[in-house]
Amino acid sequence: MLSMTHLGQSGPARAPDSAGDAAGLGGCPFGHDTPAAGLAPGDPLHLPMNKRSVVQYADSPEGVRELHLYCGTKEIVFDEPDLFAFGEALVRHGSFVAQDTTTWGDGYEWPRMCELLEQLIVEGVLLRGVPAPLGFGAAAEGKDQPSPLPPAPSARARSWDEFEEITREVAGQSLEPGYLELVVPVFRVAHIALDSEGRQVGEANVFPKPLRVEVPTRWRTCIYPGSRYLDERPMNVSALKAMRSHWSQIMGALLRIRTAYLKRFPSARTVMTLGDVERLSTLVLAVPTYQLARQQGRVANGELHPVLSNMFRVTDGVRLTTHHMLFIPVAEATLSPDTPVTSADIHAYAERNNSLHSQHGVCAGPSNMIDQFLRLLIEGQDGAGYAQVPLDPAVESALADLEVAIDYGLLGLQAFAVVFSLWPLMTRTYARMAAIVSNWSGERTPALQRLDTYLQEKALLLQQETFHATEEWRANRERVYGDIFAQCAAGLGDPVRQSLAHRVSGRLGEQHHAAAETLRAILQDRCTAGDGSGQDDVHLLVETLMHSFVRTQETLCLAGDVQRRINDLLGRPQPKRPFTATDVDIHVLLQADEARRLPHLLDELERLLGFHVAITCDALEIRDESGLSFASQDSAPQGLPAQGRR
C-alpha cells in the first residue's frame, strides 16, 4: 500500500541541511511514534506545514509508477495508483476531519481510510487535532527578516589581480596569478567581483568567504510552497528584484549561449544528459567570468553588467544541483554523466534534496521562473520568444566573445577535474595506510603507534564527515572527473588522447626506484624494531605512498599543461615557479577552517614520521631530517608531452 522511509537514516534519503530538518518543520515530532488507537470518523487531523511537503511521481527500479511525498524527515511512497489521489489531497488539504478522506477518491471506504490514517499517525506524519498557530510572528506572514549573515569579513572588494596577496593573507602561502584556476575552480572565479549595481557576483555565497563584503540586502521569509516554505532561513529579495528587472535579457543571452553549446556538442540537440547540463551551466558562468579574467579589454571590478551577474547567479544554482547529482551520494545514489535528464528532473531533485537551500538562505526565485529558466536551458523551450530580445551593448559585447569564453570555460572545467582528482587519491591513500598500520605484523615502535592512532582517527573522520567514505564513492568521483576531462577535450576539438585515468595512472618507472628505496629506508627506521619483522608491511606502505606520489606528479604535469593554455588564452603571464603538491591545498586553506576535514597528507607525513616530500612536475624529492635524501630531477612521467615539463 505505502512504504515509509526516514530520510537520512535508511533507504533513499535527502541530505540534511545545516539547520536540521526538524527545526525547519517547526518542531514537528517526525520519527516519534504517536498512539493511533480509537481513531473516529469525526477526529480532526492535520499534516504539519503541509505547504512545505513536496509531491513527486517517479518510477521504481521495477518500472512501477509511484507517488512520493517528502514530509520533513520522512518519505512516503504510494505504489497503488488508486491511492495517488489520496496522497495529493493530503498535501493539498493539510487540515481535515478524518472521514473527509472518504471523498478524496473512488473506493475510499472508511475502514480502509482509517487503517491508512492510523499508520500515518503512528509514523508521526499526521497529528491529531487542529493545527496550532505557527507562532513564527513576522516569519509566518512573510515579512522582512534580519540578515542571516555574520558581519562581512572583508572591508573592501578584492580582485584576483591581488591573488598573491590574497593567498598569503588567507591561506598563509603565496601563489602566482598564473595558477588561479588550479586552486579556485573556474565556476567560482567571478564570485568576489562587484557588478555595476554594487553587488558581489557570489552574493551571500561568495567563494572564498573571507572575501565577502558588506552589501545592503533585504531579506524576507519565503512563502513559496515547497521545501522552502516558511523556512527559518530567509530569501534574498534584493537579488530577486535585480533578477526580475533583467529577466528578458538574461533569457536572451542564455539562448545564445545554449545555441553555441549545441554546435560543439551536437548530440545534446536530441537529448541532454546530466553531464551536458553541468557543462553547459559552467559555460554560462564562463561568459561573465571571461570578461573579468582576460588581460586585454578586461571589465573592471565594479563594472560588470547586471544582466551578466544575474545570469551567473541563477545558473550557478543549476550547476550546483547537477554537481550534487553527479558527486554527492548521501541524498540519493549519484547518477552517471550520460544519464538523460529533463528540466523537470532537475527541479524535482532540487526540491526533494534541499538544493534550493544554502547555509544562510533559500533560493529567492519563484518556482515558475525556475521552471522557465530550466526549460530554456535544457529543452530550448520558448526560445523563439527570447531570440529577438534587444540586449544592452555591454551584454552584446560579452556575447561577441562567446567562442573564446567557451574555450576558457572548458579549459577551466578540465583544470578542475584534473586537480580535484587528487582528493580521492589522497583519501584512498589515507584509508590504505590506516588498514596497513592497523594490521601491522611486527613489533610496534612508538612512531608506528603514533601513526596508527592518528590514522584510525582520520579513518573514522573519513567515513563520517566526507564524501569519500568508501572506495565506491571515491571511484565514482574519479569516473566523473574522467568524463569531464574527456568531454571538455572533445568540445575544445583536441585530438583524441589517453583518458584521464591513463594519463595519471601512477605507475612507477625505473626513474622512481631510488626514491622508493629512500622511502623504504626511512619507514624501516621509523616503523620497525630492527628484528627483521614488519618488512612486508613496510613494502605495502612504500607501494601505497609511491603510487600516490607518482600519480600526484603526473597530475601536476597535466594540470600545468591545462593552466598554461588558460593563461595563453587570457593573455596572462605564465608563472615563474613550479606548482607543487602542497599548493593544491590552497583551495582548502582559502576557506579557512570551514572545508578542512583531512590535513594534507604530505604535511602529516612530515609531522608524524619526520621526512619531507616535495613534488612538482619535474621533481620528486624525499628528504629525511637525518640527511638521507634523494632528488629525481626531470622525472616527469614518460608519455607526457615535452611541453608538460618545466
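A short reminder: the numbers here are calculations on the coordinates, not readings from a lab. On a predicted model such as this, the values are computed, not experimentally measured, just so you know. Quick reminder, even Gly has a Cβ in these numbers, built from the backbone with ideal geometry, and neighbours come from all protein chains shown.
Translational diffusion coefficient, Stokes-Einstein: compute it for segment 157-312 using the Kirkwood radius over C-alpha pairs as Rh, at 20 °C and 1.002 mPa s, and state it as an integer in µm² s⁻¹.
Numbers: Rh = 17.3 Å.
D, rounded to a whole number, is 124 µm²/s.
If the chain between Ser367 and Arg128 were fully stretched, how many nm would it gain, using 0.36 nm times the residue separation less the Cα-Cα distance?
Working: separation 239, 0.36 × 239 = 86.04 nm, distance 3.12 nm.
Once the chain is fully extended between Ser367 and Arg128, it gains 82.9 nm.
Can you give the charge dipole size of segment 427-485 about its Cα centre, rounded to the nearest 20 debye, using +1 on the beta carbon of Lys and Arg and -1 on the beta carbon of Asp and Glu? Don't skip to the end; give the middle numbers.
Working: 8 positive and 8 negative charges, 22 e Å.
Dipole size: approximately 100 debye.
Quick one: grab the alpha carbon gyration tensor of segment 140-416, order the square roots of its eigenvalues as a ≥ b ≥ c, and give me rounded if a/c is under 1.5, else prolate or oblate depending on whether a/b is larger than b/c. Write down the numbers at each step before the final one.
Values: a/c = 1.32, a/b = 1.05, b/c = 1.25.
The shape class here is rounded.
Can you list the HN-Hα couplings for segment 405-414, worked out from phi with the Karplus curve (6.51, -1.76, 1.60; θ = phi - 60°), rounded to whole Hz and with x for Gly and Pro?
My calculation for segment 405-414 gives 5, 5, 4, 4, x, 5, 5, x, 5, 4 Hz in order.
D for segment 292-400, whole µm²/s, Stokes-Einstein with Kirkwood Rh over alpha-carbon pairs at 37 °C and 0.692 mPa s: what number?
On the way: Rh = 16.1 Å.
Answer, rounded: 204 µm²/s.
Around Leu117, under 13 Å between beta carbons, what's the net of Lys plus Arg minus Asp minus Glu among the other residues? Walk me through the numbers on the way to the answer.
Working: positive: Arg112, Arg128; negative: Asp43, Asp100, Glu109, Glu115, Glu118, Glu123.
That works out to -4.
Let me have the relative contact order for the chain, percent, based on Cα pairs under 8 Å that are six or more residues apart. Don't skip to the answer; put the middle values down first.
On the way: 1054 pairs, mean separation 86.4, N = 646.
With pairs under 8 Å counted, the relative contact order is 13 percent.
Which Cα, out of His347, Ala486, Leu292, lies furthest along the positive dipole direction of the chain (beta carbon charges, K/R +1, D/E -1)?
The residue sitting farthest along the positive end of the dipole is Leu292.
In whole Å and largest first, what semi-axes does the C-alpha gyration tensor of segment 56-116 yield when each eigenvalue is scaled by 5 and square-rooted?
Details: eigenvalues 88, 41, 17 Å².
After diagonalising the Cα gyration tensor, the semi-axes are 21, 14, 9 Å.
Provide the gained length on full extension for the span His600 to Ala58, in nm with one decimal, where the gain is 0.36 nm per separating residue minus the Cα-Cα distance.
Numbers: separation 542, 0.36 × 542 = 195.12 nm, distance 4.18 nm.
The span from His600 to Ala58 would gain 190.9 nm if fully extended.
Using the Cα centre of the chain as the reference point, and only Cβ charges (+1 on K/R, -1 on D/E), how large is the resulting charge dipole? Debye, rounded to the nearest 20.
Values: 59 positive and 80 negative charges, 323 e Å.
For this selection, approximately 1560 debye.
In terms of Cα to Cα distance under 23 Å, which lysines are near enough to Lys74, apart from those fewer than 8 places away along the same chain?
In chain and number order, the partners are Lys51.
Among all the lysines, which ones have a C-alpha under 29 Å from Lys458's C-alpha, if same-chain residues fewer than 8 places away are not counted?
Correct list for Lys458: Lys209.
Kindly write out, for segment 320-328 in residue order, the coupling ³J(HN,Hα) from the Karplus curve 6.51 cos²θ - 1.76 cosθ + 1.60 (θ = phi - 60°), rounded to whole Hz, with x marking Gly and Pro.
Couplings: 5, 5, 5, 4, 4, 5, 7, 10, 9 Hz.
In segment 329-419, if the dipole is taken from +1 on Lys/Arg beta carbons and -1 on Asp/Glu beta carbons about the Cα centre, which of Gly383, Gly361, Pro393 is farthest to the positive end?
Of the listed residues, the answer is Gly361.
Given the rule -39500 (n - 2.57) for each run of at least 4 DSSP H residues, summed and divided by the residues of the chain, what is its mean residue ellipticity at 222 nm, to the nearest 500 deg cm²/dmol? Walk me through the numbers before you get to the answer.
Numbers: 22 runs with 281 residues, N = 646.
Value at 222 nm, helices only, nearest 500: -13500 deg cm²/dmol.
Projected onto the charge dipole of the chain (+1 at Lys/Arg Cβ, -1 at Asp/Glu Cβ, origin at the Cα centre), which of Leu194, His512, Asn439 gives the Cα projection farthest towards the positive end?
After comparing all options, I get Leu194.
Separation between the Lys143 and Ala435 pseudo-spin-labels, each 7 Å from Cα along Cα→Cβ, expressed in nm?
5.9
Between Gln524 and Ala447, with labels modelled 7 Å along Cα→Cβ, what's the label distance in nm to one decimal, could you check?
1.3
Using per-residue counts of other Cβ atoms within 10 Å, averaged over each peptide, order 453-463, 383-393 from highest down. Spell out each step's value before the answer.
On the way: 453-463: 15.8, 383-393: 12.8.
My ranking of the peptides, most packed first, is 453-463, 383-393.
Suppose every Lys and Arg Cβ carries +1 and every Asp and Glu Cβ carries -1, with no other charges. What dipole size does segment 402-561 come out with about its Cα centre, to the nearest 20 debye?
Details: 14 positive and 20 negative charges, 23 e Å.
Approximately 120 debye in magnitude.
Between Glu517 and Gln381, what length comes free when the chain is fully extended (0.36 nm per residue of separation minus the Cα-Cα distance, one decimal in nm)?
Length gained, Glu517 through Gln381: 42.7 nm.
Scan (i) 85, 68, 47; (ii) 107, 94, 44; (iii) 125, 92, 49 for the value of Cα extents along the principal axes in Å calculated from this model and give just the label.
After the calculation, the listed value that fits is (i).
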